[in-house]
1. Here are some conditions: (1) part of a helix (DSSP H, G or I); (2) farther than 30 Å from B:ALA390 by Cα; (3) within 12 Å of chain B (Cβ to nearest Cβ). A:ALA178 meets all but one. Which one does it not meet?
2. Do the conditions hold for A:VAL46, that is, is it within 14 Å of chain B (Cβ to nearest Cβ) and aliphatic (A, V, I, L, M)?
3. Would it be correct to say that B:ASP312 is of a type in the set (D, E, K, R), farther than 22 Å from B:ARG394 by Cα and more than 16 Å from ligand 2 (Cβ to nearest atom)?
4. Quickly run through region C:244-269 and pick out the residues that are closer than 14 Å to B:VAL494 by Cα, touching a residue at least 12 places away in the same chain (Cβ under 8 Å) and not hydroxyl-bearing (Ser, Thr, Tyr).
5. For region B:315-345, which residues satisfy the criterion of being assigned to a loop (DSSP other than H, G, I, E, B), within 21 Å of B:GLY523 (Cβ to Cβ) and either more than 8 Å from ligand 1 (Cβ to nearest atom) or away from chain C (no Cβ under 14 Å) (or both)?
6. Residue under question is B:VAL524, and the condition is that it be among the aliphatic types (A, V, I, L, M), modelled with pLDDT of 90 or more, crowded, with 23+ Cβ neighbours inside 10 Å and away from ligand 2 (no atom under 16 Å from the Cβ); does it hold?
7. Are any residues in region B:530-540 within 14 Å of chain C (Cβ to nearest Cβ), outside any loop (DSSP other than H, G, I, E, B) and within 14 Å of ligand 1 (Cβ to nearest atom), and if so, which ones?
Amino acid sequence: MAVLDEAPPWLGFAARRLGGVLLVLTALVVITFAIVQLMPGDPARVAAGANATPDQITRMRHDLGLDRSVPAQFVDYVGNLLHGDLGRSFHTQENVADIVADRLPYTAELALLGIVVILVVAIPLGMLVAVLCQNGRRRRLDGAFTFVTGFVGSTPEYVLGTLLVYVVGIKLGWLPVAGAATVDALVLPVVAISLGPVCTIARIVRRETAVVLGQDYFRTARGRRLPARRLYLRHALPNLLTSTLTLAGLLLAGLLGGTVIAESVFAWPGLGTRVVEAITQRDLPVVQGVVLVLGSLACLINLLIDVVLGLLDPRTLSGKAAGS
Amino acid sequence: MTATRVRKRARPNAMLVTGLVGLTALFVLAVVAPWIWGDRADELGPSVHLGSSGEHWLGTDALGRDLFARTLVATRLTLELAALATAIASIAGTVLGTLIWVSGPRVRAVGLRVVDVMISYPAVILALTIAAILDPGPKACVIAIGVAGCPSFARLTANLAASVAGRDFVATARLLGVPSLRLMRRHILPNIAEPLLVLVSVSFAHSLMALSGLSFLGLGVQLPDYDWGQLLSTGLQSLYTNPAEAVGPAVAIVLAGLSAGFVGDGLAARAASTSGNSAAVKPGSRKASASAPVATGTDHSVPDDAVLVVSDLRVRRPDGTALVDGVTFHIGAAEIVGVVGESGSGKSLTAMAAARLLPGGLRAEAHALELRNPGAEPLALAAPGRDGAAVRRRLATEIGIVYQDPSASFNPALRLGGQLTETLRVHLGVSRREARERAVEQLEFVRIVDPEARLRAYPHELSGGMRQRAMIASALLTRPRLIIADEPTTALDVTVQAEVLALLRAANRRDGTAMLFISHDIGVVTDLCDRVLVMYAGRLVEELTAAELRDGHARHPYTKALLAATPRLEPDGEADGKLDAETGDGLLAAIPGRPPQPDERPAGCAFADRCAAVLPVCRDTPPPVRVLAPGRTVACHLPETGAPVPVQAGPKAGRHDAAVEAVG
Amino acid sequence: MNTTPTGTARSAPERNAVETAEPAEVLRAEGVTVAFGRGARRKTVLHGVDLSLRQGHTVGLVGESGSGKSTLAKVIVGLVRPVSGHVALDGEDVTGPRGRAATLALRRRVQLVPQDPYASLNPRMTVGEAIAEAIDPRRGGLARHRAAVEARLAQVALDPEAADRYPAQFSGGQRQRIAIARALAVEPEVVIADEVTSALDSSVQAEVLNLLTGLRRSLSLTMLFISHDLAVVRHVSDEVAVLRHGRLVEHGPCAEVFGAPREPYTKVLLASVPGRGGSA
Ligand SMILES: Nc1ncnc2c1ncn2[C@@H]1O[C@H](COP(=O)(O)OP(=O)(O)OP(=O)(O)O)[C@@H](O)[C@H]1O
Ligand code: SF4
Ligand SMILES: [Mg+2]
C-alpha cells in the first residue's frame, strides 16, 4: 500500500512539477531569443539609432553578434543568461540586469500583495455567501452577489484604476495616485488589480463551496455534529481550495498581466511601465529581459499553487488527480 | 414546488436575454455608428476639453472633437478586433484540441501538459512579446490575444471530446459502424457545442478587455485610428482637468464586457439545467394528496426499552409535499430493524430524519420522533431550530451512521485517523492518544489489518470494502445506542457484502447496539434483521418479522410483489416451503408501472395503479394501518384475516396463499 | 486450460436436455490475455481466458468488480485488443488485423448492451433516430426507417410514439429496453449484456429480465450475460462462467455450477448471496 512508502508519490510529484517548470523556462528562453530574430527590419539599425551611418550599423551588428549564425547566437544568448548577463539597453546603454533588479521589487510587491489580498478576501467572501445561501435560502443576497461580482469582475483593471484615481485620489484626495514613494501609494494599485480577480474568484469559491456542501463526506461531517466553525473550516475549506485553486491558479498568474497594465495608470515604477516604454522605443534587450523575468515569475506563481494543491489534496501527489 | 422551480429557470434565461440584447445593440451600433456619427467624430471644434454639456454629452477632447460621437464610432473597431481575436483563439484552439484528442494516448498526454503550461502563461505578457516582435499596433495585438486564447479552447475541446467520446453512447455508435464524420456530427458535436459556446462568449469578453488594455498602454490601435482603450488612455491624461473624457469609453468597455459575460453565464446555466434534470417531473400537476391516516386498531405498543420511537413522521419539501408520509415504528434495544422498498420510497429520508440529518430545505414533523436513553431525557429529533452543544453531543455519540457509498463518505483531503477520532475528541474531550487507541481497537474489531498505518492513510489508499469497514468502526467508536445504516452494502461485491453484514451482526451482539438498516435488497434484510418495514411511496405498507418474511407470510400485495419480482438462487425444487420467485414459464412477476412521484400520489392507496388485487375502495380511500400484533402491521384494504391474497398472475401463486392461510 | 467447447475441465458428459442437440458454436474466445498500462504500472487483467458461446445459448459471466468481466466483453466486441489469444466468430478470427470495412462488418455481428442506461443513449438524439442509426449507420434516419423502428420498439413493449421522444423522458428500465431494441435492430448473431440490470430496482429489473427471457425464446438469441448477481445470472442463463482475478475458474451448465460448485471460490460466492436464510 502507498501508506507504507511515502517517498515515491512525492518524488513523482516533484519530478512532474519540475518538468513543467523546465519546459516553461526553456520556452521562455527560446521565445525571448526569437524576439530579435523574428523582428521585421534590422535590429542593428534600431540599436545604432536613427542617424547612424552604415558603418556604425555594421559595427553594431558585429558588436551584437548578429552577423553570426543563428545557432551560434543562441548558444551565446543562453551562455550570457547563465552568467546573469541580459545585455544592454539600446537606448540608455544601461545593463538590463540592473534595470530588472531595480524594477522587479516594485512589480513583485504589487503582484504578491495583490495575490494575498485576492485570496484573503475572495475565499471567505465566497464561502460566506455559499453557506448563507445554501439550499436556496436568502435569494436576494445570492442575486446581489451574482450581479455585483459579475459587474465588477467584468470591469478591467485600468478602468477600475482610472475610477479609483479619480474618486479616491483626485476628488477625495485621500491617497496618492502616482508613484511609489510612500506605503499608502500601494493601496490604489493593489485595489485596482485585485478587485476584478476578487470578484471572479469569489464566484468560483461560492460555486465550489456549494458543491462541497452537497458532497457525501460533508454529510458525514455534519453527522458528527461539529461546531459550525470546525465543520466549515476543516471539512469544506481544504476541499474547496483544491478545486478553486485549480481554476483560479490561472487567474493568479494572469494577475501579472493586470499588474503591467495597472502600473501605467498609477505611474508605478515597475517592470510594466519599463517594458511598455521599451516596446515603443524598440529597445529589444530590455523587452527580452523583462519578458523573461515576468514569465519566470508567472511560472513561479504556478509552481507555488501546484505545491499548495499538492499539500491540500493527497491525491494529486500520487497522480490520481481529482480533476475539477 | 412551482414557485422556486420557475424562478430558477427564469433567471438564467433573463441573463442570457439581457446579454444577447446588449451584444446585439453593440453590433448594430458597430455597423451604423461610423455612418451616422463618423463626420461628427472627426470634426474639429473650437472648444477643447469641454465638460459635459447639452451639445457635447461627454464633452470634447484636446482637439475639440465630440467624445460621445467618438465613443460610438470606436465601437466598430473595438468589436472588430475583439471578434477577430476570438475567432483566432476559438478556431485555432479547437483545431489544436481536436488534433490533440485524435492523436495517440502518448501524444495526447504530452499535448495536454503543454497546453496546460501555455494556459498558465499570462496573455498580456505574451501580447507584449508579440507586440515587440511585430510593430506595436492592432495586428500584433489581435494575433497576440488570439494566440494567448488558443490553449483554453484546445484544452476544453480535448477534454470535452475525451469525456464525450468516453461515454457509452459513442462507443455503441462505433460498434454499430457509424462513420467517424457522422459520429462527430451527430454524437460528439451536439454534446460539446454548448460549453464551447460559453467559452466563446467568455473569450470575447476577455479579448475585448485585453485589446482595450493594450490600446490603453499605447501598444494597440495607433492614432489616427481609435478604439475604446485608446480613447480611455487619452481621456486619462486629462483626468485632472476634464474627467468626463474618460467616462464614455470606460462605460462602453464595461457594458460590452458585461454583456458578453452575461451571455456566457446564461448559456452555462442553461446547459446545466437542460442536461441535469430529466423531464420526469411535471411541474404544476400537483394533486392535493390526502395525508396517510394514523394507525387504527390496537395501539402501537412501544416497549419500555425502545431506543428509537417514530410516530407519524412526515418529511416535507418546502412547498409542503410530504415525501415521507405518516410513518410509525420503533426500534427496541439491541434490535435490528430493516427497511425495504423501491427507489424513491422514502427509506433514506426516514433514516435521515431519525438521524436529524435531513438535507437542507426538508423538514420533519412527527407526533413523536425521539431517541430514548434510560439514563436521560428522551431526545427530540424533530425539534425545529438549532441544537445546543449538549444536544449535539448526544446526537453525535448516541447515534452512529454508516452511509451507502464508502468511497464518497470520507473526506478525501483528510487522513482517516483524524476523521475517525473526531467525534471522540470534539464531543467527549478524549485525548488524541486515547482516541487513536480506541480507533485502533475498533479497526481491529472490523478486521482491518495494521490499523495504526491505516489511521495515517488517506481514504483513497484503501479499497472500497476496507473503507466501509472503517466507516463501521467510526460509527461504533462512541458505543452508540443506535446505528443507522443507509444501504451500507449496496456498493459492495457479494463476498464483501457478506463480510460487512457479519460485522454489523457482531457489533450488535457485542454492544447490544440497535440498528436501523436500509436496503433495497429484500434478501439482505431478511438475512440481517429482526423486523422489517416495507415502504412504498413514502408510507409504511407493512411491518413484519424477518422470519415471517422469510417464510412467505408477507400479506401486503406490494411486499409479495417485491418478493415475486426478485430472482432467487435456488431453482424450483430446492426452495422447499419458500416463496418461489418464478412462475411456471420462467418469467418473474414484474410489477407493472412505476411508483408515483411524491406530488402525484393519489388520494387512495398509492399502490393501486400497480396492484393486482386492487378494490374499488382502494382508489379514493387511503388504506387503514391495521396493527395485527405488536410489530406486525399492514396497510391495505383487503380483508386480511384468512383471505387468500393472490400474487399477480402465475400458477405458483396458489402456493403463497396456502402459506399465508396456514398462518393466518 | 483446455479448449473444449465449454471451456474448463468439466469432463462429466453434460446430461442437460438442451445439450443433446449440440448447437453450433457461434463465438469462441481462446487464450485471451489482456494487459493495460506500461512498465511498472502494467497490469494483466485477463489471463488466457477461454470461452465459447453456442447458438441459442446464454452464458452467464459472474465475478466480482475488477475481475475482468467488462474487459472480456470489450475484447469480444473489438473495443479492446488482446495481448494474445483471439476471438473467433463462426470460425472467423475477429481480433486479427484487417481492413476497416471488414472490421465494421464483423463488429455489427456482435452487439453490446451497456450497463448504464443513462449513458448509453445520446441525450441529443431521439430514440427513433438512435434505432434508425443502428439499422443503417451511414444514412439511417427516422423518416426512412420508421416502420422498422416501430417494429423494434414493439419488440421491447414500447409504444410507437416513443420513437419521437428523447432519452431523458424515459425511466431507467425503459431506457434499458431501448438499448436492447437498438442492439437487436442490428440483428446480431451474439448479444452481450453487460450488467444490464444492476442500475435498476428489483421490480424494474424483473421487467427487463422477462424481456430478455422472452427474446431469447422467440429469437433464439445467443447471449453473453454479465452480472455480479448470481441469482439474476441463474435466472437468465443456460451456462455460467465464473471469473476471478482475470481467470476463468469454473464454467458449466447452471444447474451443475449452482447445485454442486467445484471451485472453492464459487462456493464462497454462492454462500455470500443474501437471502438464503442467514448464511455468512
Ligand atoms: N433533498 C430533497 N429535496 C426534495 N426531494 C427529495 C430530497 N431528497 C429526496 N427527495 C425525494 O423524496 C423521495 C424519497 O426519497 P428517498 O431518498 O428517501 O428514497 P429512498 O427510498 O432512499 O430511495 P433509494 O433507494 O433510491 O435510495 C423521492 O421522491 C425523492 O425524489
Ligand atoms: S389497498 Fe388496495 S390497491 Fe393498495 S395494496 Fe391493498 S389491495 Fe392493493
Ligand atoms: Mg436511499
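1. Of the numbered conditions (1) part of a helix (DSSP H, G or I); (2) farther than 30 Å from B:ALA390 by Cα; (3) within 12 Å of chain B (Cβ to nearest Cβ), the odd one out for A:ALA178 is (1).
2. So A:VAL46 passes the test.
3. yes
4. C:ARG244, C:LEU269
5. Taking region B:315-345 and keeping what is assigned to a loop (DSSP other than H, G, I, E, B), we get B:317-321, B:332-335, B:341-345.
Restricting the remaining residues to those that are within 21 Å of B:GLY523 (Cβ to Cβ) gives B:335, B:341-345.
Scanning region B:315-345 gives a single hit, B:GLU335.
6. The answer is yes for B:VAL524.
7. Residues satisfying the conditions are B:VAL534, B:MET535, B:TYR536.
Yes/no per residue for (1) surrounded by fewer than 22 Cβ atoms within 10 Å (Cβ to Cβ); (2) in contact with a Ser or Thr (Cβ under 8 Å, 6 or more places away or on another chain); (3) on the phi < 0 side of the Ramachandran plot:
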residue	(1), (2), (3)
B:THR328	no, yes, yes
B:ALA353	no, no, yes
B:GLU370	yes, no, yes
B:GLY400	no, yes, yes
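The values are calculated or read from the model by the stated rules, or taken from the named source; none is laboratory data. Since we're looking at a predicted model, the values are computed, not measured. Heads up, the Cβs are rebuilt from the backbone with ideal geometry, glycines too, and the neighbour counts pull from every protein chain shown.
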